[in-house]
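These notes concern the structure reproduced below.
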């Protein structure tokens, strides 16, 4: 190693000398030796020539040794001196890689990082090594945009002598094939992974003890689990079992060390499965993994039954459509046909089978159909066409049917009656045409509606806006002027004048003519319909005039409504009844001043809350029943409730309520409340008086009965005493008591009369 370094140093110095001409070297020596004699000069000259020859030998030998060393490690290299100058290039400076590493690429050749970014000159490996950085197997790409890309692995190491960087060595290895192989391997792995995941059947990789390593996507989807939920669990555990299946393909494969296939029914899944277990052997011949494929063969197990059912279904499906469906051979003979064909041609299926097209279709289309059949057989492509037959339109499709070898040997013919569709298409085209003509009309009507509905301007301003809008709805707007006359007032577009090309429509409000709407062309236009105007334009002016009249009616109605509201508000303000409006989302929005007299609250005080808050607890049930009727959209009449006044006393209110309905939804309530406190007090007094009368009647009857009986006993006793002063005295007192009893009887009669009067006139 030391010798190599010496050779390198000597080579660097001698290379500098070698590059100088011999005369120049002699001159340098002469300058160093002031007075050399001729003999000395000859000797110096001979010595210099010998040194130069030795230097060339040393340099050649060092280069051979360097190249041999790089060849021994399979790499090429460049040796730099301390100044960053390349002093040795093993592959020659004509090498593309060497030129790129030296920063001398020609014709666009450049060095790139693997991410596609170019390598800057200051970041070349040699420059970085001279700077003290060491690179080990760093990948670069070399390309010039034309030749094939070259991938190289570069190492760069600084040469340190006595603690100072005296040079650098850059080596590289062509790894293009390695990179290509790596890419091919990655591509193959991606392909294999894609195939594994895309398989429609379940594929599992498991250990010999049934532990699942992974499933493909189909497997995870079937069991409804994520990979992390499956990994490490036994296959039988995933279907709810605690031990392996009694009949298991994996166990058979472990024993035989070859692929085993079994079929079994899995009750947990309710399916028949075909299990294919393939062992993967290790180097020792043991089973390392098991690849298990599960195929759902439930359908196959039921194949025979389903095949019979499918044949019947196929026939039903063939016969179900209203389309005519037939299967023909290459000669145009019928192989099969559905029920629609049978009905249309009034032949049985047995009669149709074997018949040729010439026996079925009219002669004028047999030749055309034959050529089309041959074209479909030749090209192997379906053919679709429309044709008219017996006054009806048909959509016919010819499909080639291929055999197992891919040869088109039969043709499926589907014929659909599209007469109604064609008629609908014609109608649609006409409607589309009419619609396009009326787009401008609708746009005009829409814009006019916006002006009417959204404008808060005066009627005069609205009329001016509408009259300016009118020309845009006609086919020649730049040649159109308009005028609206309402109640003698005129509203015109700029430059309006009456011309021979005029149309007009009266304006009616509540059935009374109040004005005229006029459209004029300033210049003559081609005749259309009844004149230069389209039929739709005559309809348009009538429509606009009608809408204009209705607009005036709505505005007048709105003004009347506003006036009515003001009158109502005035009545409400002056009325004795309490009137209020309450919305579910905003509470009480209006309450009349009568609330001050009735409840003692001002309208502002009540507006901040809900009326329910003022209802006495004893009336809440009645209030809730009324609220439910309002919520159902039903009015409430004669609802009597007790509410608290501001001073704490109780007032009786009789409420009549009606729901506020918007878009079929109850959003609030209107209510009128009448103070019936005085009435309720009078009713209470009447009830008390009636009760007293009832008690009086009862007492009169009791007293009469209790007194009469003892009087009869007393009178009987006096008769036994005979005539005398005492007897006369007793009789006198009995007569007085009897008078009192008669007065009681009269009070009883009068009390009954009063009771019957009160009941008759519902005063109680």
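Consider the range 374-400 and keep the residues that are surrounded by 14 or more Cβ atoms within 10 Å (Cβ to Cβ) and closer than 16 Å to residue 423 by Cα. The one that is nearest to the chain's Cα centre (by Cα) is 395.
Could you list all residues from the range 136-156 that are surrounded by fewer than 16 Cβ atoms within 10 Å (Cβ to Cβ) and either on the phi > 0 side of the Ramachandran plot or assigned to a strand (DSSP E or B) (or both)? Matches in the range 136-156: 136, 137, 138, 139, 145. Residues in the range 283-307 that are assigned to a loop (DSSP other than H, G, I, E, B) and modelled with pLDDT of 80 or more were compared, and the one that is surrounded by the most Cβ atoms within 10 Å (Cβ to Cβ) is 297. The residues of the range 389-405 that are more than 17 Å from residue 377 (Cβ to Cβ) and touching a helix residue (DSSP H, G or I) at 6+ places or on another chain (Cβ under 9 Å), listed by number, are 389, 391, 392, 393, 394, 395.
Within the range 222-240, if we keep just the residues that are more than 19 Å from residue 289 (Cβ to Cβ) and touching a strand residue (DSSP E or B) at 6+ places or on another chain (Cβ under 9 Å), the residue that is modelled with the highest pLDDT turns out to be 225. Please verify whether residue 485 is at pLDDT 90 or above and out of contact with any helix residue (DSSP H, G or I) (no Cβ under 9 Å at 6 or more places or on another chain), treating the condition exactly as stated. Judged against the criteria, residue 485 is a match. Counting only residues that are more than 19 Å from residue 209 (Cβ to Cβ) and in contact with a helix residue (DSSP H, G or I) (Cβ under 6 Å, 6 or more places away or on another chain), which one in the range 263-282 is surrounded by the fewest Cβ atoms within 10 Å (Cβ to Cβ)? My answer is 268.
For the range 635-652, filtering for residues that are more than 15 Å from residue 675 (Cα to Cα) and either assigned to a strand (DSSP E or B) or out of contact with any helix residue (DSSP H, G or I) (no Cβ under 9 Å at 6 or more places or on another chain) (or both) leaves 3.
Residue check: residue 253 meets all listed conditions (1) in contact with a helix residue (DSSP H, G or I) (Cβ under 9 Å, 6 or more places away or on another chain); (2) part of a helix (DSSP H, G or I) but one, namely (1). So which residues in the range 73-109 are exposed (fewer than 15 other Cβ atoms within 10 Å of the Cβ) and modelled with pLDDT under 80? If the condition is that a residue be exposed (fewer than 15 other Cβ atoms within 10 Å of the Cβ) and modelled with pLDDT under 80, then 73, 74, 92, 93, 94, 104, 106, 107, 108 are the ones that fit. In the range 218-251, of all residues being without any contact (Cβ under 8 Å) to a residue 24 or more places away in the chain and on the phi > 0 side of the Ramachandran plot, the one that is farthest from the chain's Cα centre (by Cα) corresponds to 232.
Applying the criterion of at least 1 residues that are under 30 Å from residue 81 (Cα atoms) to the strands (runs of 3 or more DSSP E) found wholly in the range 161-238 leaves 164-174. Considering (1) crowded, with 16+ Cβ neighbours inside 10 Å; (2) closer than 14 Å to residue 577 by Cα, the lone condition that residue 597 does not fulfil carries the number (1).
The values are calculated or read from the model by the stated rules, or taken from the named source; none is laboratory data. Keep in mind that this is a model prediction, so the values were computed, not measured. In this analysis, Cβ positions are derived from the backbone assuming ideal geometry, glycine residues included, and neighbour counts consider all displayed protein chains.
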